[in-house]
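Presented below is the structure to which this report refers.
Rule-based calculations on the coordinates, nothing more; no lab input. Quantities reported herein were computed from a predicted structural model and do not represent experimental measurements. Note that we place each Cβ from the backbone using ideal geometry, even for glycine, and neighbour counts take in every protein chain shown.
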Amino acid sequence: MLNALADSARKLLGCPVGQVGLIERDEHRCPAVVGMPLEPFTRDLSFCAHALVSDAPLIVPDLSQDPRFRDNPLVAGEPHVRFYAGVPVILSSGFRVGTLCAIGFEAMAAPAPEAVDVLRSFAVAAAAALERPADEPGVEETRDDRRADFVALIGHELRTPLTVMVGSTRLFESRLEGRVERRLAQAAHRAADHLADLVEAIIAFADASTGDLSLSETPDDLATLLDEVLEMQGPRLDGSEKSVTVADIDLPGPVLLDAAQAKLALTALVENATLHGGGRLTLATRLDPDGHLEISVTDDGTLDDRVQLDQLYEPFVVGGKVDTREVGGLGLGLPLTRKIVELHGGEFEVRPEAHQTTAVIRLPAWRLHAVAAA
């Protein structure tokens, strides 16, 4: 079924290659491809990964002229891909699991809207094929999928009563006159706000994990964005007696990104360093030798020897035993950051060193070039 749909997609658009591509955490694999042999490859090379950031089709008449793709080895080198047209394959849960796409080795005009509509219909059929029951040939629901669905359900079920709770405690606080009563109301209000923040973190992670999160990208000034992140954290940093330094930011111009999601990722990094790091935090930006943008948060603390580096990227993994640990948190900050960065086509890593720990967000160079070319 999937091979038939891939073949239909390439014939519809007059391309030599059609495929159904599934995008996983670090890999692009093809359960169906027609027109050329294609082994699994890393996500950072995948055109389809870019198509997953929204429900809209991704049509690129000439990849070599698009700053997002012109330096991709599949474009700059063999097999010299030039044309791409893909639509997301969206499961009934809303999860954008991959794409149905057609690929050409010569630049082509964008297809007619009617052809794109047909391609969308093929993608719906591909989603149905992927969702066949487990006792039929197909893709089984994984444990991670079930966990993400459960987390999303819990988060959304808690959001409404917590909204009522926050509003009620705020109302009580404004109306109570006794000093003791007001202090109790303030404590309840702070606790409700904290719970609301935790629920929003759960929902944000679930949306990123299940593909419900779409990017709304605009050119933004990174220095302003970092200032806004630190303004939100300022009182907490001062209260913790931790200092923060922002290194000089010297970029050629704005960066194309989803400001709200980028702020969420950066806030998670600063909060993580505040809770678990040392006493001094440094935020810095730079362009690496390949022109990619690096944003780093460094603190003068070191990782616990008992912490496995790969566990830092797993959700709900917290340091130490839950009932005896000294700091709070759900263990969602770094996993959420990684999800958001990957949606932007970037990479995220934590670099432990002898006397400091650095978390690095790396965004592709085209996010700077795209703004300059606009």
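If you rank His80, His344, His355 by fewest surrounding Cβ atoms within 10 Å, what's the result?
His355, His80, His344
Tell me, what is the FRET efficiency for Ala112 and Asp221 to the nearest 0.05, using R0 = 51 angstrom and their Cβ-Cβ distance as r?
Rounded to the nearest 0.05, the efficiency is 0.85.
For the range 1-76, run through the trypsin sites (Lys or Arg not before Pro) and keep only the ones in DSSP coil with at most 15 other Cβ atoms within 10 Å of their Cβ.
Numbers: sites: Arg10, Lys11, Arg25, Arg29, Arg43, Arg68, Arg70; in loops: Arg25, Arg68, Arg70.
Loop-located and lightly packed - Arg25, Arg70.
Along the charge dipole of the range 2-130, which of Leu91, Gly21, Val53 sits closest to the positive end, that is, farthest toward it, with unit charges on the beta carbon of Lys, Arg, Asp and Glu (+1, +1, -1, -1)?
The residue sitting most towards the positive pole is Leu91.
In nm, what is the difference between 0.36 nm times the number of residues separating Asp248 and Ala260 and their Cα-Cα distance?
Net length gain for the segment: 2.1 nm.
Would you please report the Å³ per residue occupied by the convex hull of the alpha carbon atoms in the range 1-103?
On the way: hull volume 9.8 nm³, N = 103.
Measuring per residue, one finds 96 Å³ for the Cα hull of the range 1-103.
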